[in-house]
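Colleague: Take a look at the following structure, please.
The values are calculated or read from the model by the stated rules, or taken from the named source; none is laboratory data. These figures come from a predicted structure and were not determined experimentally. Please note: Cβ atoms are built from the backbone with ideal geometry, for glycine as well, and neighbour counts cover all protein chains shown. Heavy atoms of the whole protein, side chains included, go into the accessibility calculation; ligands, DNA and RNA do not. Shrake-Rupley method; radii C 1.70, N 1.55, O 1.52, S 1.80 Å.
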Amino acid sequence: GRTATFTPTTTLVAATLYTATITLAATDLASNALAGATATPTVAANHVWTFTTAAAADTIRPTITLTNPADLATNVALNASVNATYSEAMNAGSIAFKLLPTSTPLGTPLVGVLGYDALTHISTFTPTNPLIASTSYTATITAATDLAGNALIAGTKPNPWTFTTGAAVLPPGVPVGSAGAFGIMAT
């Protein structure tokens, strides 16, 4: 068989359904029209088929959109966890986090548990031991990639970020994402 190639003059749009048609004007050297329909291959007809282009590759690098405690926050509770909210869904296994006392040179990184909530795009570091009173800390997401493998944009605010603790342990707050289970009544 012979192969005919059609090359569009413009780029096809990603994730779009297209219909292609070879009309009856296509003939062989003996002027026989194209047999188009697969069900009736001896009948001359337009040959029509559809295809969908692939989705565009995700090349957008994620950012951190929010931190808690916020950059330069003061009077942070000694039992606070530290979290970062990302601009998109992240690969949980790719996230590396470091929290250490801010000093010259920087102190030893704290030990704790790092979690990631895929629904809210928030990673949370919970230190094993309470933070030290009246101490400045530096938090850094040292590595993270989105689900397409794009690396977090490094060095942009608020990463790294700093905050200073107060002198108290506060009662636990309402867990993020569960506020719907609580209500406020005012009279």
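Colleague: Assign unit charges at the C-beta atoms only (+1 for Lys and Arg, -1 for Asp and Glu), then state the dipole size of the chain relative to its Cα centre in Debye, rounded to the nearest 20. Could the numbers behind the result be given before it?
Modeller: Numbers: 4 positive and 6 negative charges, 34 e Å.
Roughly 160 debye, rounded to the nearest 20.
Colleague: Can you give the convex hull volume per residue for the Cα atoms of the stretch 1-109, as a whole number of Å³? Walk me through the numbers before you get to the answer.
Modeller: Numbers: hull volume 26.3 nm³, N = 109.
For the stretch 1-109, the hull spanned by Cα atoms encloses 241 Å³ per residue.
Colleague: Still on this structure, please answer the following. Give me the percent relative contact order of the stretch 1-139, please, defined on Cα pairs under 8 angstrom at least 6 residues apart. Could the numbers behind the result be given before it?
Modeller: Numbers: 201 pairs, mean separation 24.9, N = 139.
Contact order relative to length: 18 percent.
Colleague: Let me ask something else. Can you give me the long-range amide H partners of Tyr116? Hydrogens built in the peptide plane at 1.01 Å from N, cutoff under 5 Å, separation of 5 or more residues or another chain.
Modeller: Thr124
Colleague: For the stretch 73-105 and the stretch 1-18, write down the distance between their C-alpha centroids in whole Å.
Modeller: Centre-to-centre (Cα) distance: 48 Å.
Colleague: Counting only chymotrypsin sites (Phe, Trp or Tyr not before Pro) that are in a DSSP loop and have at most 14 other C-beta atoms within 10 Å, tell me the longest site-free stretch of the chain. Each step should come with its number before you reach the end.
Modeller: Details: sites that count: Phe6, Phe182.
Looking at the chain, 7-181 is the longest stretch - no exposed chymotrypsin sites (Phe, Trp or Tyr not before Pro) with at most 14 other Cβ atoms within 10 Å.
Colleague: Another question about this same structure. I'd like the carbon and sulfur percentage of the solvent accessible area for the stretch 103-151, probe radius 1.4 Å, heavy atoms only, ligands and nucleic acids excluded.
Modeller: Details: 1740 of 2730 Å².
Ligands and nucleic acids excluded, carbon and sulfur reach 64 percent.
Colleague: Among Met90, Thr108, Ala33, whose Cα sits farthest toward the positive end of the charge dipole of the chain (+1 at Cβ of Lys/Arg, -1 at Cβ of Asp/Glu, about the Cα centre)?
Modeller: Thr108
Colleague: State in Å² the accessible area per residue of the chain; use a 1.4 Å probe, count heavy atoms of protein chains only, and round to the nearest integer.
Modeller: On the way: 12270 Å² over 187 residues.
About 66 Å² of surface per residue is accessible.
Colleague: Ok, one more. Net charge near Arg61: determine it from the other residues with C-beta under 13 Å of the C-beta of Arg61, scoring Lys and Arg +1 and Asp and Glu -1. All intermediate terms of the calculation are to be shown ahead of the outcome.
Modeller: Working: positive: none; negative: Asp58, Glu88, Asp146.
That works out to -3.
Colleague: Another question about this same structure. Ratio of the stretch 105-171's C-alpha Rg to 2.2 N^0.38 Å, to two decimals?
Modeller: Working: Rg = 14.0 Å, N = 67, 2.2 N^0.38 = 10.9 Å.
The stretch 105-171 yields a ratio of 1.29.
Colleague: Which value, in Å² and to the nearest 10, is the accessible area of Leu100 when all protein chains are kept and the probe is 1.4 Å?
Modeller: 10 Å²
Colleague: Which percent of Cα-Cα pairs in the chain sits in each 5 Å bin, short to long?
Modeller: Once binned at 5 Å, the Cα pair distances of the chain give 1, 6, 11, 13, 11, 9, 7, 5, 4, 4, 5, 5, 5, 4, 4, 3, 2, 1, 0.
Colleague: So if I restrict to the alpha-carbon atoms in the stretch 73-143, what is the Rg, and what is Dmax, the biggest pairwise distance, in Å?
Modeller: 12.6, 38
Colleague: Determine the gain in length on full extension of the stretch Ala56-Leu100; use 0.36 nm per residue of separation and subtract their C-alpha separation, reporting nm with one decimal.
Modeller: Values: separation 44, 0.36 × 44 = 15.84 nm, distance 3.97 nm.
Working it through step by step, the gained length comes to 11.9 nm.
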